[in-house]
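In what follows, a structure is listed as structure tokens, so that the remarks can point back to it.
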Amino acid sequence: MIVAVKGLYIHIPFCDTKCPYCSFYSYIEKDETIIDKYFNTLIKEIKSYSNLYFDSIYIGGGTPSSVNPKILDRFFNSLFKLIKFSGEEFTIEVNPGSFTKDFIDVIDIYNINRVSMGVQSLDNNVLKLLGRNHKVTDIYKSLELIDLDKYRLNLDMIYDIPTVEDNIIFDTLDDIVKINPSHISAYSYQHEDTGYLANSVDLDKTLFKDIENRLHENGYNKYEVSNFSKKSMESKHNMIYWNMNEYLGIGSSASSMYHNDSNIRVRYTNTADIDKYINGVENSDKVFDEYEELDIDKQISESLIFGLRLKNGIDLNDVESKYSKAISESVLKNINILITKGLLTCQKKRLVATERGTEVLDTLSLYLL
Ligand code: SF4
């Protein structure tokens, strides 16, 4: 099958330990035969597509940095014989303490230019509370291996953690800023979209506003609900998702969205079960659990929903010309109601969620379908 998309996502589901708050599928797998088999399967899955050319590659997990660098080296070597890549943005996710200089040497060979590290906190008690298997010293030791002149660095942090005082969150924030990454993702512990288990406590909106202000003062601009960057350092790969552009996902639990050979825009998600995934690809069976065909109205609605996650919102003219169709009367009527209620603003056809609208984005999205 020919797939003409800009972004490639490759999922590596293996982790050293399972963090208790994490609802993503991850495998605590130490058996290198299975890990090796998984990587061979990734290559087989990629071979089922042709003419692949990407501007962005994202290796996510799980913990890609927990994999033996020799396996990663073999995998990348095979991958680049099958695809063409402009080299624009190549990201790999890492966890503190999970990699050595050998790993950095491998990512260097393949010109990875963006590293995203799951720091989460710079306080040992909070790391323990979160069930992370690293300590603050591991974070700084791992950071020493990453040359900031060579790599764009993203650091993930978690706020809104029950029983953790705000001043501890702000100490982490200040220490993260001192490290000087080009990008910071700040996730609420209590929001299920991030993959962290949701519970009944409401999001602390004041805390997030204070985090946003503190980051802004330090040169990090919010460009998406949970994401902040220095000028022109936004994640190009994640912008593909938020702009509803097309992408190919390879590996267990990876999602794809693109126009298929019949020119229908499809979206599907591979099975999260790695045995099913490996056996399915081996036998040339379909390996996805969820599959849907997106009609134009659904694509328009989802463009609006994803676009409203962005600080600058979305241009309604651009949406209509991208899909060569006018936004439906019913959606326009709901947009006007949401504007009247102070949840959205619209100036020169650019629709933006207000502060109050951003707080209730999930509910607001229901009115745009
Ligand atoms: S939070 Fe990250 S490191 Fe922890 S189990 Fe989930 S994917 Fe693995």
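Rule-based calculations on the coordinates, nothing more; no lab input. These numbers were taken from a predicted model, which means no experiment stands behind them. Note that each Cβ is placed from the backbone with ideal geometry, even for glycine, and that neighbours are counted across all protein chains shown.
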Given Cβ charges of +1 for Lys and Arg and -1 for Asp and Glu, the option among 72, 11, 321 whose Cα lies farthest towards the positive end of the dipole of the chain is 321
What percent antiparallel are the DSSP beta bridges of the chain, to the nearest 5?
40
Amide H to amide H under 5 Å from residue 221: which residues, 5+ apart in sequence or cross-chain, H placed 1.01 Å off N in plane?
229, 230
Relative contact order (percent, whole number), region 297-368, Cα cutoff 8 Å, 6+ residue spacing:
38
Name the long-range amide H neighbours of residue 188: under 5 Å, sequence gap of 5 or more, or other chain; modelled H, no Pro or chain starts.
159
Can you give me the long-range amide H partners of residue 53? Hydrogens built in the peptide plane at 1.01 Å from N, cutoff under 5 Å, separation of 5 or more residues or another chain.
5, 84
Run the simple label-point estimate for residue 48 and residue 83 please: 7 Å along Cα→C-beta, distance reported in nm.
1.6
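Based on the mean of other Cβ atoms within 10 Å per residue, sort peptides 298-308, 247-257, 205-215 so the most packed one is first. It would help to have the intermediate numbers written out before the result.
Working: 298-308: 20.2, 247-257: 22.9, 205-215: 15.5.
Output ranking for 298-308, 247-257, 205-215: 247-257, 298-308, 205-215.
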Env charge @ residue 113, Cβ radius under 13 Å, K,R +1 / D,E -1, value -2
For region 1-59, what mean projected area does the convex hull of the alpha carbons give, in nm²?
5.0
Ranked list, fewest to most other Cβ atoms within 10 Å of each Cβ, for 134, 259, 216, 237:
216, 259, 134, 237
For region 222-237, what does the Karplus curve 6.51 cos²θ - 1.76 cosθ + 1.60, with θ = phi - 60°, yield as ³J(HN,Hα) per residue in whole Hz, taken in order and with x for Gly and Pro?
6, 10, 8, 2, 10, 10, 10, 8, 6, 3, 6, 10, 4, 6, 5, 5
Region 104-148: radius of gyration over Cα atoms, expressed as a fraction of 2.2 N^0.38 Å:
1.35
Per the Kirkwood treatment, what hydrodynamic radius in Å, one decimal, follows for region 7-240 from the mean inverse distance over all distinct Cα pairs?
18.5
One finds, for residue 323 and residue 210 with R0 = 35 angstrom and r their Cβ-Cβ distance, a FRET efficiency to the nearest 0.05 of 0.35
So, over other residues within a Cβ distance under 14 Å of residue 288, counting Lys, Arg +1 and Asp, Glu -1, the net charge is -4
Final fewest-first order of 349, 276 on the 10 Å Cβ neighbour count is 349, 276
Note on the chain: contact order normalised by length, alpha-carbon pairs under 8 Å, 6 or more apart, percent, works out to 15
Just the isolated ones, please: cysteines in the chain lacking another cysteine beta carbon under 4.7 angstrom.
15, 346
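Beyond 24 Å between alpha-carbons counts as too far, so tell me which of 81/230; 81/141; 135/231; 70/141; 37/135; 18/178 fall in that bin.
81/230; 81/141; 135/231; 37/135; 18/178
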Space enclosed by the convex hull of the alpha-carbon atoms of region 225-369, per residue, Å³
139
Largest-first principal axis extents of the Cα set of region 22-110 (Å):
35, 27, 25
